[in-house]
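Asks: Once you've had a glance at the structure underneath, I'll fire off some questions.
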Amino acid sequence: MEPACVFCLIAKGQLPAQTVFEDQELMVFRDLNPMGPSHLLVIPRRHIGSLAELGQEDRDLLGSLMLRAAEVARQEGLARGFRTVINTGPEGGQTVGHLHVHVIGGRQMTWPPG
Ligand code: AMP
Ligand code: ZN
């Protein structure tokens, strides 16, 4: 737990969030500033700063994150498709320093992203 990390606070239940899934390993909640009709964030409960900090020992966790992303997309009814994004580091556009997978859907996505 990083005391100043907003996603750690959400994971601990110390900051409210619109939670759609949780288990011992992961949480999924709605983004405060949605970029589409559906915008969910999948996070590990354990503080991990970013994708760049993961190692071989985190293979199972990474698998869980991505499988959960697909599962919540199904639950949201995003059968026509969705966008998964992991921003990493300042140049990658990461603004919250706790690993998270964005799941965005409910509208046509474009490419390339900005
Ligand atoms: P990123 O820019 O990839 O680090 O994404 C961080 C995301 O977290 C942004 O889309 C924010 O809107 C979202 N966010 C920040 N604080 C909260 C919060 N307290 N509850 C839900 N989403 C949040
Ligand atoms: Zn954290």
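What follows draws every value from the coordinates through simple rules; no lab data is involved. Please read these numbers as outputs of a predicted model, since none were measured by experiment. Heads up, the Cβs are rebuilt from the backbone with ideal geometry, glycines too, and the neighbour counts pull from every protein chain shown.
Asks: For the chain, set up a Gaussian network in which alpha carbons nearer than 10 Å are linked by springs, and say which option among His100, His47, His39 fluctuates the most.
Replies: Ranking His100, His47, His39 by mean-square fluctuation puts His47 first.
Asks: Follow-up. So if a site counts as exposed when it's one of the GluC sites (Glu not before Pro), its DSSP state isn't H, G, I, E or B, and it has at most 16 other Cβ atoms within 10 Å, what's the longest stretch of the chain without one? Can you show the working numbers first?
Replies: Details: sites that count: Glu25, Glu91.
Excluding the exposed sites themselves, the longest stretch runs over 26-90.
Asks: Along the range 52-66, what does the Karplus equation 6.51 cos²θ - 1.76 cosθ + 1.60 (θ = phi - 60°) give for ³J(HN,Hα), rounded to whole Hz, x for Gly and Pro?
Replies: Karplus values, whole Hz, x for Gly and Pro: 5, 9, 7, x, 4, 5, 9, 4, 5, 4, 4, x, 4, 4, 6.
Asks: Size of the dipole of the chain about the Cα centre, Lys and Arg at +1 and Asp and Glu at -1 on the beta carbon, nothing else charged, in debye to 20?
Replies: So the dipole magnitude of the chain works out to roughly 420 debye.
Asks: Can you give the Kirkwood hydrodynamic radius for the chain, in Å, rounded to one decimal and based on Cα pairs?
Replies: Details: mean 1/r = 0.0692 Å⁻¹.
It works out to 14.4 Å.
Asks: Over the chain, what is the relative contact order in whole percent, taking alpha-carbon pairs under 8 Å and six or more residues apart?
Replies: 29 percent
Asks: Now, a different point. Find, among the chymotrypsin sites (Phe, Trp or Tyr not before Pro) in the range 1-77, those assigned to loop by DSSP (not H, G, I, E, B) with at most 16 other beta-carbon atoms within 10 angstrom.
Replies: Those that pass, being in a loop and sparsely packed, number zero.
Asks: Okay, moving on. Sort the range 48-114 into rounded, prolate or oblate with this rule: let a ≥ b ≥ c be the square roots of the eigenvalues of the Cα gyration tensor; rounded if a/c is under 1.5, and if a/c is not under 1.5, prolate when a/b is larger than b/c, oblate otherwise.
Replies: oblate
Asks: Another question, then. Which ³J(HN,Hα) values in Hz, rounded to whole numbers, follow from the phi angles of the range 70-87 under the Karplus curve 6.51 cos²θ - 1.76 cosθ + 1.60, where θ = phi - 60° and Gly and Pro get x?
Replies: Coupling constants for the range 70-87: 5, 5, 5, 4, 4, 4, 7, x, 8, 5, 7, x, 6, 10, 10, 9, 10, 7 Hz.
Asks: Springs between alpha-carbon atoms under 10 Å, Gaussian network over the chain: tell me which of Gln14, Gln56, Gln24 tops the mean-square fluctuations.
Replies: It is Gln56.
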